[in-house]
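Data first, discussion second: the structure below is written as structure tokens.
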Amino acid sequence: YACTMLLARRLYPQVPNHKLGTLVDYHRLPRTGAAHRALADAEMAAQLWLQIGQDLQRRFALPRVDHALLLALQQCQRQEVGAFMSRHARA
């Protein structure tokens, strides 16, 4: 599985914490309802997921971001993200 929290920890270390609500606010994504309600959390997580993909595409000039990349990225150490993404962009 790919996890928005694990990915956010690697991609957005400057955010005060990596709770869903904090990440949604940080990216100015729409809040779709009360936190900790299944539908609202799922919708906000989906918006965050799309934001992560767009950020990766922009930051590393990727034509697309697939699930395999996200799985590998969440496994690497935060300090290795730049090198990992550089290798991936060249491949």
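Structure above, values below:
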{"item": "Of residues in segment 21-80 being of a type in the set (Gly, Ala, Ser) and on the phi > 0 side of the Ramachandran plot, the one surrounded by the most Cβ atoms within 10 Å (Cβ to Cβ)", "result": "33"}
{"item": "Subset tally (residues that are farther than 17 Å from residue 12 by Cα and assigned to a helix (DSSP H, G or I)) for segment 53-68", "result": "2"}
{"item": "Inter-residue pairs, beta-carbon under 8 Å, first among the basic types (Lys, Arg) and in segment 48-65, second surrounded by 13 or more Cβ atoms within 10 Å (Cβ to Cβ), 6+ apart", "result": "59/85; 64/57"}
{"item": "Of residues in segment 1-52 being basic (Lys, Arg) and not in a helix (DSSP H, G or I), the one modelled with the lowest pLDDT", "result": "37"}
{"item": "Selection within segment 81-91 - in a helix (DSSP H, G or I) and either surrounded by fewer than 13 Cβ atoms within 10 Å (Cβ to Cβ) or without any contact (Cβ under 8 Å) to a residue 12 or more places away in the chain (or both)", "result": "82, 83, 86, 87, 90"}
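The values are calculated or read from the model by the stated rules, or taken from the named source; none is laboratory data. Since this is a predicted model, take the numbers as computed values, not measurements. Cβ coordinates were reconstructed from backbone atoms using ideal geometry, including for glycine residues, and neighbour counts include every protein chain displayed.
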